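Worksheet: the structure to be examined is printed underneath.
The values are calculated or read from the model by the stated rules, or taken from the named source; none is laboratory data. All of these numbers come straight from a predicted model, not from anything done at the bench. We work out accessible area using only protein heavy atoms, side chains counted, and drop any ligands, DNA or RNA first. Shrake-Rupley method; radii C 1.70, N 1.55, O 1.52, S 1.80 Å.
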Amino acid sequence: MNLVILGLPGAGKGTHAQRLKEELQMCHLSSGEVLKRAIQQETEAGNKARTYVTSGDLVPDRIVINLMADEISKYNEPPLLFDGFPRTLRQAHRLDEIMKKHDKFIDLSIYLEVKKDNLLKRISGRRICSREGTVYHIDFNPPQEDGICDRCGAPLLQREDDKQEIVKKRIEESEKRISKIVKYYQEKNILKKINGTDRSPDQVHGDVQKAVHSYLEQLKH
Ligand SMILES: [Zn+2]
């Protein structure tokens, strides 16, 4: 069973992908991680991607698709779990083509649907320790002393791309792209929408597990 997990920035894709990976022994393919690794290793694709990543722009489809195609060809056995990919309709089409070449296909696409206001609050409330990177949240996980890291006492800062205006723009742009991918998987009848607004990660994950298990049950019959 190969899965795609979709969601706007801050919807919790990484959190649920990590848990599914452990629960189902899946191979977790996160485009963010794949890009980061290619940049660190200064591969040809990594060097091309770096300028886009540093300026916060979307990395062109061609670069992302080639990187993910390489990843897919590395794994024969384990079920694949795609996180943060596809990010555009073109990537979704290409993913199907690449999978077909390996006699595979996407079984299920899980869409973590979270209201924009909720996401804005989640992301713009994030604070990070300026010395060692511990993550806090002014509402959901505040430090004991305002603006100070509990662990090392260093001041907390807000990442540039977590600022309200930037987050709003990121969410709106991403929403336009994701709505096309959601429609694409809906038309293929493999989309499961999960309500992620104002619910705890455990509540949301319970529904994610239900969606996966009902698909696996369906396969048995
Ligand atoms: Zn710290």
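In the chain, the longest principal axis of the Cα atoms and the axis of helix 13-24 are about 50 degrees apart. Once the 1.4 Å probe is applied to the protein heavy atoms, the chain comes out at 56 Å² accessible per residue. Within the accessible area of the stretch 115-158, the carbon and sulfur atoms contribute 48%, probe 1.4 Å, all protein chains present. Between rounded, prolate and oblate, where does the stretch 152-213 land on the alpha carbon gyration tensor, with a ≥ b ≥ c its root eigenvalues, rounded for a/c under 1.5, else prolate if a/b exceeds b/c? Because a/c hits 1.5 or more and a/b fails to exceed b/c, the stretch 152-213 counts as oblate. Between helix 44-54 and the chain there is an angle of about 40 degrees, using the helix long axis and the longest principal axis of the Cα atoms. Distance from the Cα centre of the stretch 146-221 to that of the stretch 5-59, in angstrom? The distance from the Cα centre of the stretch 146-221 to that of the stretch 5-59 comes to 14 Å.
Around the amide H of His137, modelled in the peptide plane, lie the amide H atoms of Arg127, all under 5 Å away and 5 or more residues distant in sequence or on another chain. Taking θ as phi - 60° and the Karplus parameters 6.51, -1.76 and 1.60, the scalar couplings of the stretch 89-106 work out to 4, 4, 5, 5, 4, 5, 4, 4, 5, 5, 4, 4, 4, 9, 6, 10, 7, 7 Hz in sequence order, x denoting glycine and proline. Computed from backbone phi with θ = phi - 60° and the Karplus coefficients 6.51, -1.76 and 1.60, the 3J(HN,Hα) list for the stretch 208-221 is 4, 4, 4, 4, 5, 5, 5, 5, 5, 4, 4, 5, 5, 9 Hz; x is used for glycine and proline. Checking the table Lys100/Lys220; Lys21/Lys210; Lys13/Lys210; Lys116/Lys193; Lys74/Lys104; Lys13/Lys193 against a 19 Å threshold on Cα-Cα, which pairs fail? Listed pairs above 19 Å: Lys100/Lys220. For the chain, the 222 nm mean residue ellipticity estimated from helices alone, with every DSSP H stretch of n ≥ 4 adding -39500 (n - 2.57) and the total spread over all residues, rounds to -16500 deg cm²/dmol. What value does the chain have for Rg/Rh, both radii from Cα atoms and Rh as Kirkwood defines it? Across the chain, the Cα-based Rg/Rh ratio is 0.97. Here the Karplus relation 6.51 cos²θ - 1.76 cosθ + 1.60, evaluated at θ = phi - 60°, turns the backbone of the stretch 126-139 into coupling constants of 6, 10, 10, 5, 6, 9, 10, x, 4, 9, 10, 9, 4, 9 Hz, with x for every Gly and Pro.
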